[in-house]
Amino acid sequence: MDTAQLHGIFLENLCLSLFLSVFALLVIGYLSSPLFIWTIAGAILFYGFGAPEWLLAAYIVIMVIFNIPPLRANLVSSLVVALFKKFEFIPKISETERTALEAGVVWVEKDLFSGKPDFQKIMAESYPQLTPEEKAFLEGPVEKLCQMVNPWKIWKTRDIPEDVWAFIKKEKFLGMIIPKEYGGLGFSALCHSEVIMKLSSRSLPVTISVMVPNSLGPAELLIHYGTDEQKKYLLPRLARGEEMPCFGLTEPMAGSDAGSITSSGVLFKGTDGKLYIKLNWNKRWITLAAISSLIGLAFRLRDPENLLGKGEDIGITCALIPATTPGVVIGRRHDPLTIPFHNCPTQGKDVVIPLDAVVGGASGCGLGWHMLMDCLSAGRGISLPAQSTGGAKLVARVVSAHGIVRRQFGVSIGRFEGVEEPMARIGAATYALEAMRKFTLGALDKGIKPPVITAMQKYYSTEMGRKVINDGMDIMGGAGISLGSRNLLAEIYIATPIGITVEGANILTRTLIVFGQGALRAHPYAYEEVRSLESNDLRRFDRAFWGHVGHVIRNTCRSILLSLTRGYIATAPNCHPQMRRYFRRLQWSSATFAIMADIAMGSLGGALKLREKITGRFADILAHMYIASSVLRRFEYEGRKEEDLPLVHYNLKLCMAEIQKGFDGLFDNLKVPGLRWFLKGWVGAWSRINSIGSQASDGYSHLISRAMLEDSEARERLTSGIHIPKSREEQLGRLEHAFRIVLQAEGAEKKIKKAIRDKVLPKKKVHELLEEARSKNIITEEELKLVRDADGVRYDAILVDDFDEDQFHGRSPSY
Ligand SMILES: Cc1cc2nc3c(=O)[nH]c(=O)nc-3n(C[C@H](O)[C@H](O)[C@H](O)COP(=O)(O)OP(=O)(O)OC[C@H]3O[C@@H](n4cnc5c(N)ncnc54)[C@H](O)[C@@H]3O)c2cc1C
């Protein structure tokens, strides 16, 4: 084809040519084509549309420069660096922020952040399994501990009994994370989580007392950073419960901003020539401090005489201090929402400790913040998510049984449409919590510590737990409100804000940690740009910056094409046919998320971290992509169980709706200079018409609720791993028994109702017609007995506690 023919084709059909050109460029971008393909495509277009020769020549010169990295770095990137520095475009990162940013590693969040997640790889991530020894511990000591505990007695006496403490220590519950070589149980993260999950379905004070020594504190710090002598001496003692640990970071003036602690230590040389630290501290809300023998403490270390040769301000340091050291003050008790676990302030007044008490000895001085951030990047994914999941499973179990047993207007309340809605929300959230818990634990058990994922999991698990318990309380009605041994949900309801607040209060976790840190951490280029600028490395910056530009172009093209095709052109991994559309929508979401994140970072620069309403929405989108991935992974791992399909669809639709909500908020509120009208008016309007997804329809909530109200394997699986007492003396045992009997009796009741409709029996209440139904052979003798039994056990199961005046005022026992 000669030049004239090519011009002719382009110019004669100008509109079509323009359309096809734009389309071709979108496809080139979508396919992540390398720069030389763009160069050729650009040349064809310039040429085809008859650009003057000088323009074509200029284009070729520019593209040659861009295609040769050393030329590009010196001629173009150096200018970009100068501009970035002049306008202070790159966020300033403090040392504490940097340590938090660099803790742990990135995992699947990097894929979700990339705009082009590799779901084949994500779906192949390992799913953790318990060892036979771990299973035996769960079925043995954990089950026994649950049976020993009387939650109402602990509530009323406000104490965990001595024999329960003795059992906890004897069975090494306090040493679950301590390796076997140091006398601990050396459990996997999965087993640790399963123990916490089961205990939290029984007693929260016991759960918290077991949870804290296995979370961020002396044992964990020693395992990762202790010297050999510290490990050999302290870890076996901690494992056997001979030492009771606590960890003090929080201060009256330093809560969420823990990096601003003022508790201080001053290094000095003693008369014996050895190094010592004189400590002064003021900590509050320290769990187990009141009964601790070993206080883990975070403080700022100063070395005025430069004895360590690291300068005067050494920085945050962690030390382990025997509680009996002179000057240690254990304060009076706090009362955490009446949940009876030990929590109190502690002060230290001129407490002198040897340098050896610092975690890691002299080389651990100043590394405290790094140690804490690193441990949190795994810990946040274990304890609180396990507690929320255990709580949700218990709620699901209780409300489903109560939904059948409790009748109003002659109908089991779970069968009212109004109750189906919260019931389905509880069932779906329980499924998703378990999916997210196991998916994350798979990574932790491979030694991956992903801080963005675990922060996300901490926030969203505890928030989902909060919604579940609120729905649960609504379904229970008065039975949820009357305290006593028969009330199975009140403790979870009351204690919920504790999990929301600790290990990074939720608002801050969502707005500052998940996206604030995630944007720099999980973004494929952003942090590299910051680091290369800080180190004045032009070639490194050049690679990162132009990689970033390519990333933006690719994601813009992907986002546009995926939006126009509603994701249908995206690939999906090998999966259940009904799941393909969700994988495609996640590809679409990820591409739009990535481009929006770049727009936000590009337009707000360092100010983005202060725009928390914006970062919070990004966090929501990222988290719901993660929750959806976890749900899909669980469904595939468990062999695509057809009976779980309603739960899976419900959750995935909810995730898509939440993702859409996040985008709507971003399009409306992201104030990009010059682009606001476009984002709010056009992109936002189009996005609402062409939404990524909306809430599941009523049909799904009906199916979920109906499945929960059956005595089925699906109900067992949904709530697996919690403690279910067999004894009918216990409320859950009683309720479960009533649930089964009432369900069995429904067959006979239906026969009587049919006989009423057929006018064989008069129009009366079912229990008034039992004898007559029997005499007319409508029901058998066994059925008559079953219906009577059902009435009896139902009445017993719905009773609530009452107390005489002495019991009510705690003057005589009520347990
Ligand atoms: C029962 C209990 C047990 C605890 N156990 C321990 C323990 O064993 N050891 C220990 O060291 N500490 C412990 N803590 C302390 C706990 O970690 C802190 O409560 C937590 O860090 C939050 O600090 P704060 O309560 O002072 O809240 P504040 O820092 O006052 O925050 C109040 C609210 O403001 C929000 N907020 C703060 N800053 C920002 C921001 N930049 N952006 C957005 N939102 C923000 C927070 O999210 C929160 O919602 C415990 C606390 C409780 C209540």
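The values are calculated or read from the model by the stated rules, or taken from the named source; none is laboratory data. Remember, predicted model here, so these are calculated numbers, not experimental data. Here Cβ is always computed from backbone atoms with ideal geometry, including for glycine, and neighbour counts include all displayed protein chains. Note: accessible area is taken over every heavy atom of the protein model, side chains too, but ligands, DNA and RNA are not part of it. Shrake-Rupley method; radii C 1.70, N 1.55, O 1.52, S 1.80 Å.
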For this session: Treat each spin label as a single point 7 Å out from the Cα along the C-beta direction, and report the Asn669 to Asp711 distance in nm.
Result: 4.9
For this session: Using the structure shown, list the pairs from Lys121/Lys438; Lys156/Lys726; Lys153/Lys393; Lys121/Lys446; Lys153/Lys458; Lys198/Lys438 with a Cα-Cα distance above 19 Å, or answer none.
Result: Lys156/Lys726; Lys153/Lys393; Lys153/Lys458
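Between Rg and the Kirkwood Rh of region 159-289, both from Cα atoms, what is the Rg to Rh ratio? Walk me through the intermediate numbers first.
Details: Rg = 16.8 Å, Rh = 16.4 Å.
Rounded to two decimals, Rg/Rh equals 1.02.
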Exercise. What is the sum of charges around Ala657, taking Lys and Arg as +1, Asp and Glu as -1, for the other residues whose C-beta is under 12 Å from the C-beta of Ala657?
Worked result: 0
Seminar exercise, completed: Whole-Å distance linking the alpha carbon centroid of region 502-539 with that of region 194-233 is 29
Problem set entry | region 632-706 pair-distance distribution - Cα-Cα, 5 Å bins, rounded % | 3, 16, 18, 15, 14, 10, 9, 8, 5, 2, 0
For this session: For region 96-106, just list the computed ³J(HN,Hα) in residue order, Karplus coefficients 6.51, -1.76 and 1.60, θ = phi - 60°, integers in Hz, with x standing in for Gly and Pro.
Result: 5, 5, 5, 4, 5, 5, 8, 5, x, 9, 9
Seminar exercise, completed: The answer for Phe247, listing residues at least 5 apart or on another chain whose modeled amide H is closer than 5 Å to its amide H, is Thr287, Gly296
For this session: Could you please state, rounded to a whole Å, how far the C-alpha centre of region 754-815 is from the C-alpha centre of region 420-449?
Result: 38
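Once you charge only the Cβ atoms, +1 for Lys and Arg and -1 for Asp and Glu, what is the size of the charge dipole of the chain about its Cα centre, to the nearest 20 debye?
Roughly 1020 debye for the chain.
Can you pull a Stokes-Einstein diffusion coefficient for region 557-699 at 37 °C (0.692 mPa s), Rh from Kirkwood over Cα pairs, as a whole number of µm²/s? Provide the component values of the computation, followed by the final result.
Numbers: Rh = 15.8 Å.
Answer, rounded: 208 µm²/s.
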For this session: Could you tell me what percent of the accessible area of region 537-658 is made up of carbon and sulfur, with a 1.4 Å probe and every protein chain present?
Result: 55
For this session: Grab the other residues whose beta carbon is less than 10 angstrom from that of Leu384, score K and R as +1, D and E as -1, and report the net.
Result: +1
Exercise. For Lys754, which lysines qualify as cross-link partners when the Cα separation must be under 17 Å and same-chain residues fewer than eight apart are set aside?
Worked result: Lys763, Lys764, Lys765, Lys776
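Which value in deg cm²/dmol, rounded to the nearest 500, describes the helix-derived mean residue ellipticity at 222 nm for the chain, given -39,500 (n - 2.57) per DSSP H run of n ≥ 4 and division by the residue count?
Details: 36 runs with 456 residues, N = 815.
After summing the helix terms and dividing by the residues of the chain, the value is -17500 deg cm²/dmol.
Name the shape class, rounded, prolate or oblate, that the alpha-carbon gyration tensor gives for region 51-138, where a ≥ b ≥ c are the square roots of its eigenvalues, rounded holds for a/c under 1.5, and otherwise prolate holds if a/b is larger than b/c and oblate otherwise.
Values: a/c = 4.86, a/b = 2.04, b/c = 2.38.
Oblate shape, in that a/c is at least 1.5 and b/c is the bigger or equal ratio.
Please give me the summed charge of the neighbours of Pro762: other residues whose Cβ is under 13 Å from its Cβ, Lys and Arg +1, Asp and Glu -1.
Working: positive: Lys753, Arg757, Lys759, Lys763, Lys764, Lys765, Lys776; negative: Asp758, Glu768, Glu771, Glu772.
Neighbour charge sum, excluding Pro762 itself: +3.
Work the Kirkwood hydrodynamic radius out for region 678-722: mean of 1/r over every pair of different alpha-carbon atoms, inverted, in Å.
Numbers: mean 1/r = 0.0729 Å⁻¹.
One over the average 1/r among Cα pairs gives 13.7 Å for region 678-722.
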Problem set entry | Extended-chain gain in nm, criterion 0.36 nm per residue less alpha-carbon gap, Glu242 and Gln147 | 31.8 nm
For this session: Please express the Cα-Cα pair-distance distribution P(r) of region 426-519 as a list of whole percents, one per 5 Å bin, running from 0 to the bin with the greatest distance.
Result: 2, 13, 19, 18, 19, 13, 8, 5, 3, 0
Seminar exercise, completed: Rounded to the nearest Å, the spacing of the alpha-carbon centers of region 551-573 and region 584-646 is 15
Exercise. Using a 1.4 angstrom probe and counting only protein chains, how large is the accessible area of His737 in Å², to 10?
Worked result: 50
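Among 246-254, 373-381, 721-729, 499-507, how do they line up by average Cβ neighbours within 10 Å per residue, starting with the highest? Please list the in-between numbers first.
Working: 246-254: 20.7, 373-381: 24.3, 721-729: 15.8, 499-507: 18.7.
So the order, starting with the most tightly packed, is 373-381, 246-254, 499-507, 721-729.
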For this session: Over all directions, average the projected area of the Cα convex hull of the chain and note it in nm².
Result: 44.3
Problem set entry | Radius of gyration, Dmax [region 222-296; alpha carbons; angstrom] | 14.8, 40
For this session: With a cut-off of 11 Å, note down the residues of region 527-550 whose backbone N falls inside the zone around a label point 7 Å from the Cα of Glu88 toward its beta carbon.
Result: none
For this session: Report P(r) for region 287-443: all Cα-Cα distances, bin width 5 Å, range 0 to the bin holding the largest distance, values in whole percent.
Result: 2, 7, 11, 11, 11, 11, 10, 8, 7, 6, 5, 4, 3, 1, 1, 0, 0
For this session: Roll a 1.4 Å probe over the protein heavy atoms and report the accessible area of Lys232 in Å², nearest 10.
Result: 140
Exercise. What are the ³J(HN,Hα) values, in whole Hz, obtained from phi via the Karplus relation 6.51 cos²θ - 1.76 cosθ + 1.60 with θ = phi - 60°, for each residue of region 265-277 in sequence order, with x given for Gly and Pro?
Worked result: x, 10, 7, 8, 9, x, 5, 7, x, 8, 8, 9, 10
Problem set entry | Rough spin-label spacing in nm, given labels placed 7 Å along Cα→Cβ, for Lys754 and Ser720 | 3.6
Seminar exercise, completed: Per-residue accessible area, 1.4 Å probe, largest first, puts Arg540, Arg98, Arg715 in the order Arg540, Arg98, Arg715
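Measuring with a 1.4 Å probe in the full set of protein chains, what accessible area per residue, in whole Å², belongs to the chain? Intermediate values should be presented prior to the final figure.
Values: 35040 Å² over 815 residues.
The answer is 43 Å² per residue.
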For this session: Would you please classify the overall shape of region 483-622 from the alpha carbon gyration tensor, given that a ≥ b ≥ c denote the square roots of the eigenvalues, rounded means a/c under 1.5, and beyond that prolate means a/b larger than b/c while oblate covers the rest?
Result: oblate
Exercise. What order do Met601, Met596 take when sorted by accessible area (1.4 Å probe), most exposed first?
Worked result: Met601, Met596
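Nearest 20 debye, what's the magnitude of the dipole of region 655-796 about its Cα centre given +1 on Lys and Arg Cβ and -1 on Asp and Glu Cβ?
On the way: 26 positive and 23 negative charges, 128 e Å.
Once rounded to the nearest 20, the dipole reads 620 debye.
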For this session: For region 224-234, just list the computed ³J(HN,Hα) in residue order, Karplus coefficients 6.51, -1.76 and 1.60, θ = phi - 60°, integers in Hz, with x standing in for Gly and Pro.
Result: 8, 10, x, 6, 4, 5, 4, 5, 5, 7, 8
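Please state the shape class of region 709-815: rounded when a/c is under 1.5, otherwise prolate if a/b exceeds b/c and oblate if not, all from the C-alpha gyration tensor.
Working: a/c = 3.36, a/b = 1.68, b/c = 2.00.
It is oblate, given that a/c is not under 1.5 and a/b is not larger than b/c.
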